[in-house]
Amino acid sequence: VLGCVTSVALQAPEAVPPFDNSAVDGYAVRIADTAEPPVVLAVAGTLAAGAPPDIPVEPGTAVRIMTGAAVPEGTEAVVMVEDTESLDGGRRVSIRVSPSLGDAVRRAGDDVCAGDEVVEAGTALRAAHLGVLASLGFKRVPVFPRARVGVLSTGDELVADGSPLQPGQIRESNKAMLLGLVEQAGASPVDLGLVRDDEDALVAALAGAASTCDAIVTSGGVSMGDFDIVKAVLDRVAVDGEGHQGMAWMQLAIRPAKPFAFGLLQPEGRQTAVPVFGLPGNPVSSFVSFELLARPALRQMMGHRSLDRPRVVAVADADLRRGPDAKIHFVRVTASFGPDGRVHVRPVAAQGSHQLAATAGANGLAAVPDGHGVTTGGEVDTILLTDL
Ligand code: AMP
Ligand code: MG
């Protein structure tokens, strides 16, 4: 369930720690016995972590105790071994310090009390949460399921089986990338393969996918060409976000990734509609529109409260030039912390929507607003795609 979002709040069924225990390796003592150090006390025995605390600390004695062992009856403090000296082969101990009441004793419930709300509803579970839940004995927790997201590519020119390229053919590449992006979004990717530019084939592929997947991501076939079948098919078989027959097709005022198609499929016997994200075919456009449009939606489906990647106001270390065209340009950049503690960005060398190799080296999208761009030293809003 790592990365999944809790659907209910989780209460502690028990306390952590469950009993008072020693924070150090040392000796359990009484305060009165150690008031004037150094003092020598008889060692009544040794308690290891996991042992029952069955050796009481009687006046004038100490009990050797290990970190995490339950403190025995009579313990008022534990003195760490570094402040002691073992005498007579361990039968007695010299205590060099005078502890205060409760020193080095971890109280039951110090971490969590029974009944505490330990995880809020809507928490995206990180590794430490899993540790907390394990510390409380949870075996299963209610979370929003990972969305099963089918990914398919469209295009007669695409070759996916490694065979030699014939004139006009290219290798299919979006699917591997989109399956990876789906996984990075915390969803379960489902490979739906390659569909030719044939409407009936796509209808069949979508119908099959809609019966087994929670969402579908396609690439290609959504722009203004004659063979843009995703547009055509979604118009036939989908409803738009308002429930009207036909898809929602749009041209977004961004670059890259201008065209985008969206529709909902409602297969027989399924309660919830299956969204289809029709991403453009150019690999960089596919990448950017997945990040900006599909990823937040998939995260919302999986109960996340924070849908977007983190954004920072970064410093441009090189010019991010552009011309006015009434669009926001999402320039692929490398982002890193500078010595001033701010995030600094530089555009990757190639910015064409077919130049995925350069985009693969980017870890940020700088949102350069309409106009003439940002010059070196200027500020630019940047979406961070990775940890820095
Ligand atoms: P389309 O949106 O289908 O017109 O495709 C736009 C461009 O992206 C064309 O050059 C396609 O060959 C290319 N393209 C489409 N789908 C893929 C894919 N899955 N892998 C690589 N390139 C693709
Ligand atoms: Mg195509």
With every protein chain in place, the accessible area of M302 for a 1.4 Å probe, in Å² rounded to the nearest 10, comes to 10
What helices does the chain hold that run 27 Å or longer along their axis, going by alpha-carbon atoms, with a Kyte-Doolittle average of -1.0 or more, using DSSP H for the helix calls? none
In Å², and per residue, what accessible area does the chain have when probed at 1.4 Å with the other protein chains present? 49
Mind listing the phi-derived Karplus ³J(HN,Hα) values for the range 114-126, rounded to whole Hz, using 6.51, -1.76 and 1.60 with θ = phi - 60°, and x for any glycine or proline? 3, x, 4, 7, 8, 9, 5, 4, x, 8, 7, 6, 9
So what's the gap between the Cα centers of the range 108-184 and the range 290-307, to the nearest angstrom? 12
Under a 1.4 Å probe, counting only protein heavy atoms, R92 has an accessible area in Å², nearest 10, of 100
Charge dipole (debye, nearest 20) of the range 94-223; +1 at Cβ of Lys and Arg, -1 at Cβ of Asp and Glu: 860
If you put +1 on each Lys and Arg Cβ and -1 on each Asp and Glu Cβ, how big is the dipole of the range 174-278 around its Cα centre, in Debye rounded to 20? 280
Which residue fluctuates the most in the chain, going by a Gaussian network model with Cα springs under 10 Å, if the choices are G89, G269, G155? G89
Going Cα to Cα from K258, which lysines come in below 21 Å? Please leave out same-chain ones fewer than 8 positions away. K175, K231, K327
Which of the three applies to the range 139-263, rounded, prolate or oblate, going by the alpha-carbon gyration tensor with a ≥ b ≥ c and a/c under 1.5 meaning rounded? oblate
Based on the mean of other beta carbon atoms within 10 Å per residue, what is the order of 293-301, 332-340, 240-248, most packed first? 293-301, 332-340, 240-248
Heavy atoms only, probe 1.4 Å: what % of the accessible area of the chain goes to carbon and sulfur, would you let me know? 53
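The values are calculated or read from the model by the stated rules, or taken from the named source; none is laboratory data. From a predicted model like this one, the values you see are computed outputs, not experimental measurements. Neighbour counts run over all protein chains shown; Cβ positions are idealised from the backbone, glycine included. Protein only, heavy atoms only, side chains kept; ligands, DNA and RNA dropped before computing areas. Shrake-Rupley method; radii C 1.70, N 1.55, O 1.52, S 1.80 Å.
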